[in-house]
Amino acid sequence: MTHTHPIPARLNLTITLAQVVVLLGLLRLSASVEGWWLLAVALGYGLVMNSAYAMMHEAEHGLLHPNRRINDLAGVVLALFFPGPYHLTRQGHLGHHMRNRSDDEAFDFYFEGESPVWKHLQLYGVLTGLFWLVVMFSNVIAVLTPGILSPKAVTCDRSTAALLDSLNPRWMSLVRIEALTAILLHAALIWVWEIPLGHWFATLAGFGVIWSAMQYVHHFGTERDVMNGAINLRTWRWLDTLWLHHTWHLRHHRHPTVPWIYLPGLEEGPETHRGHMLPAYLRMWRGPRLTHEHVENTHAGKIIR
């Protein structure tokens, strides 16, 4: 971050507080609605929690607040509604910036010796929301069997092994505490507000399906370059604002230290043109394809600080 792009700390904290209040309100409402109203609550949770995830993403880059403790605390609170450990998602995302479009993170391709069936299942799992279930299930894994969060425990999938190889052991105790806190928080909300388990899951899944479906939409079919392997996409203006300009993804990858509020105003020439998100999402359903091009992960073996 430069002096010309200061962190909008007060605005970010105000938005964070509003997001938490609305998310709690939607979870409370999920206890007493049925049918189409439950679907509306789930959609509302999906829209607002993706906004909260975008703010959590700011925290992962140290851009939510200039005070590191306040920054990380806000990120931890927002991650509880994912639900997941902030310090695990933070490491995963920062690792993404190191591995992007390399052989260790190219979900739209498969290589000789890899199973095309597995690569298709992996990508379609992202497109349908199953990836969110896997990430959410990491709460239980982190609490009960943290040893499985190591590259030695996963040898069948290159991208997962690369992610786990970048995890910093110094954060694992905190990851377990945050995971347990998330489990206890949601258990308490379900018990106190008497939320039917199906209603609770449907509400969270409203976020999970949208979030998971968008996870690779900004990278599918892009240049095999760690910094330039992304695209800017457009959606409705109100949604772009709600999601804190997260769709300006190429600009974010090129300028990861610039806060969200400045991304649309950066002058970068031809890449100002943005295709729409929906066609970009639909293109991903054609699945991964075989490639003989290899791009090395130059950060292999490095752990997240």
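When the Kirkwood hydrodynamic radius is evaluated over all pairs of different C-alpha atoms of the range 165-221, what value in angstrom, to one decimal, is obtained?
Values: mean 1/r = 0.0709 Å⁻¹.
Kirkwood radius, the range 165-221: 14.1 Å.
Normalised by the number of residues in the chain, the mean separation of alpha-carbon contacts (under 8 Å, six or more apart) gives a relative contact order of 29 percent.
Distances between placed amide hydrogens fall under 5 Å for Asn232 paired with His249, Leu250, all partners being 5 or more residues away or on another chain. The residue among Leu290, Leu278, Pro169 whose Cα reaches farthest toward the positive pole of the charge dipole of the range 9-290, with charges on the beta-carbon of Lys, Arg, Asp and Glu, is Pro169.
Work out how much length His97 to Ile303 would gain on full extension: take 0.36 nm times their residue separation and subtract the Cα-Cα distance, in nm to one decimal.
72.9 nm
In vacuo Debye scattering of the range 244-305, one point per C-alpha: log10 I(q)/I(0) at q = 0.12, 0.20 Å⁻¹? Ignoring solvent entirely, the Cα scatterers give -0.52, -1.02.
Here the chain is assigned +1 on the Cβ of each Lys and Arg and -1 on the Cβ of each Asp and Glu. Its dipole about the Cα centre then comes out at about 400 debye.
Projected onto planes of every orientation and averaged, the convex hull of the alpha-carbon atoms in the range 202-242 covers 3.8 nm². In the range 9-290, the ratio of gyration radius to Kirkwood radius, Rg to Rh, stands at 0.95 when only Cα atoms are counted. About its Cα centre, the range 79-208 has a charge dipole of approximately 300 debye under the convention of +1 per Lys or Arg Cβ and -1 per Asp or Glu Cβ, with nothing else charged.
Read the figures in this text as sums done on the coordinates, not as results from a lab. Computed from a predicted model, the values in this text were never measured in an experiment. Note that we place each Cβ from the backbone using ideal geometry, even for glycine, and neighbour counts take in every protein chain shown.
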